[in-house]
Amino acid sequence: MPVKRFHEAYLREAIASVLRQTSSAWRLIVVTEPAQSATLARLLEDVLADPRIALISNEGRRLAGALNTGMRHATTDFVASLLGDDLWDGEAVAVLGRRIAASPDADFLHSSRRYIDGEGRAISGVIRGRASVALDDFASGTPVKHLLCWRKDLALSFGGMDESLDLVDDFDFPWCMAEHGATFSAVPECLYVYRDHREAYRLTTHVPQSVQARQLAEVLRKHGLDRAAIRDRVEQARRSYLQQALYASPLDRSIKRLSGADPRRGWRETYG
């Protein structure tokens, strides 16, 4: 669980969703920035009393560095991520454990998901994970979404997540895993609950659209797409999910913050 900018109530709910697991076969590593480690330790003193939960400092850069740090410190063969404003279903660990045992050749598991708003109200039904995933699928979209669970040693064999990128966990990283021969397995159960909120920082909303578009282009270029394909993918993203961005550019962000614009009025997905 990478934690940098956080909403305390959401963070506590995220941790509570792990504590509520029906299976006890889990360990939680909370990875924060060195400068806020002491503050977070005081804030989470009650939950950190649980020996299954550890708080460590990010040894790398950005979100990717935090996830890489967690991987290196994990003592299990498989690891999974939970963002600090989202939730795991109570059966997540149990279901993943059964699927790993039943599919020993699988390197990367991904589940179905649903969405809630800032108050915890449902804003979607269950969105099924893609039944099959192949390397070629990544060129035309993002075929896997959280809950993401992967074989640690395979990920670390090529350096894990790309720490030059902010927007990495559910696109560039699975694509890299596929390029390194990972076998994907879809988990039909809904194991992950995304929180679509505007109450605190989110990468998808608070990073300016121009920055997100540039990073998307960098990922596509990294994986060998040509200029025309990159242009089409970026324009497609601008017409769809990138509309979630509250700011058009870093300059627009500065202007809106100075003017006191309300971030809760931003565009939202319909999840239809």
Original post:
Over segment 133-272, what per residue volume does the convex hull of the Cα atoms give, in whole Å³?
Top reply: 131 Å³
Original post:
Whose amide H sits under 5 Å from the amide H of L148, counting only residues 5 or more places off or on another chain, with H placed in the peptide plane?
Top reply: S81
Subject >> Neighbour count of at most 12 Cβ within 10 Å plus DSSP loop: longest chymotrypsin sites (Phe, Trp or Tyr not before Pro)-free window in the chain >> reply: 1-157
Original post:
Based on the Cα atoms of segment 15-85, what semi-axes does the equivalent ellipsoid have, where each is the square root of 5 times one gyration tensor eigenvalue, given in whole Å with the largest first?
Top reply: 19, 16, 10
Original post:
Once amide H atoms are built 1.01 Å from N in the peptide plane, which residues 5 or more positions from I127, or in another chain, come under 5 Å H to H?
Top reply: R113, R114
Subject >> Inter-probe distance in nm under a simple model that places probes 7 Å from Cα toward Cβ, at R61 and L258 >> reply: 2.9 nm
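Could you tell me what percent of the DSSP beta bridges with both partners in the chain are antiparallel, to the nearest 5? Each step should come with its number before you reach the end.
Values: 10 of 26 bridges.
Once the DSSP bridges in the chain are tallied, antiparallel ones form about 40 percent.
According to the Cα gyration tensor, what semi-axes, each the square root of 5 times an eigenvalue, does the equivalent ellipsoid of the chain have, listed from largest to smallest in whole Å?
Numbers: eigenvalues 143, 119, 70 Å².
Value: 27, 24, 19 Å, ordered largest first.
Normalising by the residue count of the chain, find the relative contact order in percent from Cα pairs under 8 Å and 6+ residues apart. Don't skip to the answer; put the middle values down first.
Numbers: 447 pairs, mean separation 54.2, N = 272.
Value for the chain: 20 percent.
Okay, helix-only estimate at 222 nm for the chain: each DSSP H run of n ≥ 4 adds -39500 (n - 2.57), divide by all residues, round to 500 deg cm²/dmol; what do you get?
Working: 11 runs with 101 residues, N = 272.
The helix contribution divided over the chain gives -10500 deg cm²/dmol.
How would you order 27-34, 62-69, 208-215 from highest to lowest mean count of nearby Cβ atoms within 10 Å?
Working: 27-34: 19.4, 62-69: 23.0, 208-215: 17.5.
So the peptides 27-34, 62-69, 208-215, ranked by packing, come out 62-69, 27-34, 208-215.
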Original post:
Residue by residue, what Karplus-based ³J(HN,Hα) values in Hz, rounded to whole numbers, does segment 177-192 have, using 6.51, -1.76 and 1.60 with θ = phi - 60° and x for Gly and Pro?
Top reply: 4, 4, 5, 9, x, 4, 9, 9, 9, 7, 9, x, 5, 7, 10, 10
Subject >> Descending semi-axes in Å of segment 99-197, equivalent ellipsoid built from Cα gyration tensor >> reply: 24, 17, 12
Original post:
Looking at segment 53-161, what % of the alpha carbon pairs are farther apart than 16 Å?
Top reply: 67 percent
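If you restrict to DSSP beta bridges whose two residues both lie in segment 108-251, what percentage is antiparallel, to the nearest 5?
Around 35 percent of the beta bridges assigned by DSSP in segment 108-251 are antiparallel ones.
Values in this text are rule-based calculations from the coordinates and carry no lab data. If you're wondering where the values come from, they're calculated on a predicted model, not measured in any experiment. Here Cβ is always computed from backbone atoms with ideal geometry, including for glycine, and neighbour counts include all displayed protein chains.
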